[in-house]
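Inspection log for the structure reproduced underneath, given as structure tokens.
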Amino acid sequence: MLNNKNKTYLKKLALDRKILKFNVGKATLNDNALKNIDNYLVKYELVKISFLKSSFSDAESKNELILDLVSNLKAEVVENIGNTLLLYRPNKEAKDHIILLR
């Protein structure tokens with residue numbers, strides 16, 4: 001579980017590292033897209049996902065989509081602003097492993 005200091009630190013890292021942003025539309029969140037996002041999380045630990053407005057019909061379906069995505073990827077939500085989601089999943093074998101504050 002991430003605390004507020006860790007979330008702030010990860011947000012700063014996401015800005016500094018200029019991490020890849022995946023664009024997800026209504027029909028583009030399939031197994032292949034999940035695999036690509038998962039591979040990126042394994043390598044870099046942080047990923048931004050930007051949802052198109054057509055991805056969901058209301059806030060409830062957006063929350064369901066995010067919960068499904070997080071549970072499938074076994075990641076944690078760092079930030080959810082508008083249609084952009086920042087996810088983190090630790091990987092100690094990553095080249096530039098992110099060390100969180102306690």
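Would you say Lys18 is out of contact with any helix residue (DSSP H, G or I) (no Cβ under 8 Å at 6 or more places or on another chain), of a type outside the set (A, V, I, L, M), closer than 21 Å to Glu93 by Cα and at pLDDT below 90?
Against the criterion (out of contact with any helix residue (DSSP H, G or I) (no Cβ under 8 Å at 6 or more places or on another chain), of a type outside the set (A, V, I, L, M), closer than 21 Å to Glu93 by Cα and at pLDDT below 90), Lys18 qualifies.
Of the residues making up the range 28-60, those that are modelled with pLDDT under 85 and either surrounded by 13 or more Cβ atoms within 10 Å (Cβ to Cβ) or among the small types (Gly, Ala, Ser) (or both) are Thr28, Leu29, Ser54, Ser55, Phe56, Ser57, Ala59. Residue count for the range 74-102 under the criterion of being closer than 19 Å to Lys5 by Cα and basic (Lys, Arg): the result is 2. Taken over the range 61-102, the criterion of being of a type in the set (A, V, I, L, M) and either touching an Asp or Glu at 6+ places or on another chain (Cβ under 8 Å) or loosely packed, with under 13 Cβ neighbours inside 10 Å (or both) is satisfied by Leu67, Val70, Leu73, Ile81, Leu85, Leu86, Leu87, Ala94, Ile98, Ile99, Leu101.
Anything in the range 20-73 that is assigned to a helix (DSSP H, G or I) and aliphatic (A, V, I, L, M)? List them, or say none. Result: Ala33, Leu34, Ile37, Leu41, Val42, Ala59, Leu65, Ile66, Leu67, Leu69, Val70, Leu73.
Assessment of the range 38-49 against the conditions (of a type in the set (Phe, Trp, Tyr), touching a residue at least 12 places away in the same chain (Cβ under 8 Å) and more than 19 Å from Asp16 (Cβ to Cβ)) yields no matching residue.
Looking across the range 38-92, the residues that are under 11 Å from the mean Cα position of the chain (by Cα) and of a type in the set (Val, Ile, Thr) come down to Val47, Ile49, Ile66, Val70, Val77, Val78, Thr84. A search for C-beta distances below 7 Å between a residue of the range 52-78 that is of a type in the set (S, T, N, Q) and any residue that is at pLDDT 80 or above, counting only pairs 6+ apart in sequence or on different chains, returns Ser55/Val24; Ser55/Leu65; Asn72/Leu34. Leu67 falls short on exactly one of the conditions (1) hydrophobic (A, V, I, L, M, F, W, C); (2) within 21 Å of Arg17 (Cβ to Cβ); (3) out of contact with any strand residue (DSSP E or B) (no Cβ under 8 Å at 6 or more places or on another chain), and that condition is (2).
The values are calculated or read from the model by the stated rules, or taken from the named source; none is laboratory data. Quick caveat: nothing in here was measured; it's all calculated off a predicted structure. When we count neighbours, we look across all protein chains shown, and the Cβ atoms used for this are built from the backbone with ideal geometry, even at glycine.
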